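These notes are about the structure you will find just below.
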Amino acid sequence: MQRHPLFTAIPLGLFAAATSSAALAEASPLEQQLKDLESFQVIAHRGASGHAPESTLASYEQAYEWGVDYLELDVQITSDGQLVVFHDDAIDRTSDGEGKINDHTLEELKALDTGTWFNEAYPDNADPAFEGTEILTLDELFEHFGHDTRYYIETKSPQLNPGLEEALVEALEAHDMIDTGRVLVQSFEQDSLLKVHELNENIPLIQLVWYHPDEEDNTQLKEWTDVTPAPDDITDEDFKAIAEYAVGIGTNHMYEQQVVIDEAFIRQAQENGLPVHIYTVNEPEEMERLMDWGVNGLFTDYPDRLLELID
Ligand code: G3P
Ligand code: CA
């Protein structure tokens, strides 16, 4: 495992102290991006996906116009090797097609309508302009916004998407997104993150975790991929092991109605060099509670609500 070269042995909060003022003045874009992770980040989950069809240009344009810090997206790979911005393993829920996304070519996916479902599911936010929306490729997203925003990219379902990491790193390099401090790569799969780092060690990584009741003993919590023990059992060493390769951690805070982490979890992660981002938080009361806990950012489908709170 390899710690991010720019974060080596510098606990969160000591970045500035460990860096001379002259060096700070000359911080590279990538150094600045890492420093910004100490502040609060507004992360638009699949774009402003409470207002427009998720993972579409309309959703990202709305979030961008509101001035979010990051556009969050999931990438998957088509049967002909193209990267598309899409969350589900299957295309059924958010398009008029059927089947697994990676059983289709890009041409087949481009023929789908990924907007009309939203108008039917969310009539209060429906807009005829969403009808016929095409699936978005990663290249199209990068070409549209360029270096004017930052991207928080999840390698989604890596086992179902062989070649995903290689194609993603190639795209990030081709669009000059890394040294310019434009991208974080996130995954629930530690192996996927480590593969990204093998391909380019400068890419800042976020380890995602998901805590849920253990199926064998539902009084205990379990992390989905066992990347950490249950929150109550996490040691400093567990967080430090993640901080060897990642610059932050993304976690749920609720499982259904059950709270799964607390303020002490946030503090312990931070003290071990890991800023904490929480997904997916849409209610202002929850946003305020988590901000009071000192989290470093929230993923939300409603960036307008979060921006209003922090203005
Ligand atoms: O990437 C953070 C959060 O988006 C993870 O959950 O299922 O929305 O990708 P999901
Ligand atoms: Ca995601």
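The values are calculated or read from the model by the stated rules, or taken from the named source; none is laboratory data. Fair warning: this is a prediction, and the values are worked out from it, not measured in the lab. Quick reminder, even Gly has a Cβ in these numbers, built from the backbone with ideal geometry, and neighbours come from all protein chains shown. For the accessible areas, the whole protein counts, side chains as well, though only heavy atoms, and no ligand, DNA or RNA atoms are used. Shrake-Rupley method; radii C 1.70, N 1.55, O 1.52, S 1.80 Å.
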Checked against (1) open to solvent by 50 Å² or more (accessible area, probe 1.4 Å); (2) polar (S, T, N, Q); (3) away from ligand 1 (no atom under 16 Å from the Cβ), THR180 satisfies every condition except (1)
Flagged in region 60-91 as open to solvent by less than 40 Å² (accessible area, probe 1.4 Å) and charged (D, E, K, R), in numbering order, are GLU72, ASP74, ASP88
Of the listed residues (SER192, SER157, SER187), the one being touching a strand residue (DSSP E or B) at 6+ places or on another chain (Cβ under 8 Å), within 14 Å of ligand 1 (Cβ to nearest atom), in contact (Cβ under 8 Å) with a residue 24 or more places away in the chain and open to solvent by 20 Å² or more (accessible area, probe 1.4 Å) is SER157
Matching residues in region 38-59 (modelled with pLDDT of 95 or more, closer than 14 Å to GLY297 by Cβ and surrounded by fewer than 24 Cβ atoms within 10 Å (Cβ to Cβ)) number 4
Over region 103-126, the set of residues open to solvent by less than 30 Å² (accessible area, probe 1.4 Å) and hydroxyl-bearing (Ser, Thr, Tyr) is THR114
Screening GLU154, GLU165 for residues that are within 16 Å of ligand 2 (Cβ to nearest atom), in contact with an Asp or Glu (Cβ under 7 Å, 6 or more places away or on another chain) and closer than 27 Å to SER79 by Cα leaves only GLU154
With the first residue restricted to region 32-52 and required to be within 16 Å of ligand 2 (Cβ to nearest atom), and the second required to be of a type in the set (S, T, N, Q), Cβ contacts under 6 Å at 6 or more apart or on different chains are HIS45/THR280; HIS45/THR300; ARG46/SER55; GLY47/SER59; ALA48/SER59; ALA48/GLN62; SER49/SER59
Within region 60-100, residues being away from ligand 1 (no atom under 13 Å from the Cβ) and within 23 Å of GLN41 (Cβ to Cβ) number 10
Considering region 138-152, residues that are part of a helix (DSSP H, G or I) and acidic (Asp, Glu), and then whichever is surrounded by the fewest Cβ atoms within 10 Å (Cβ to Cβ), we arrive at GLU143
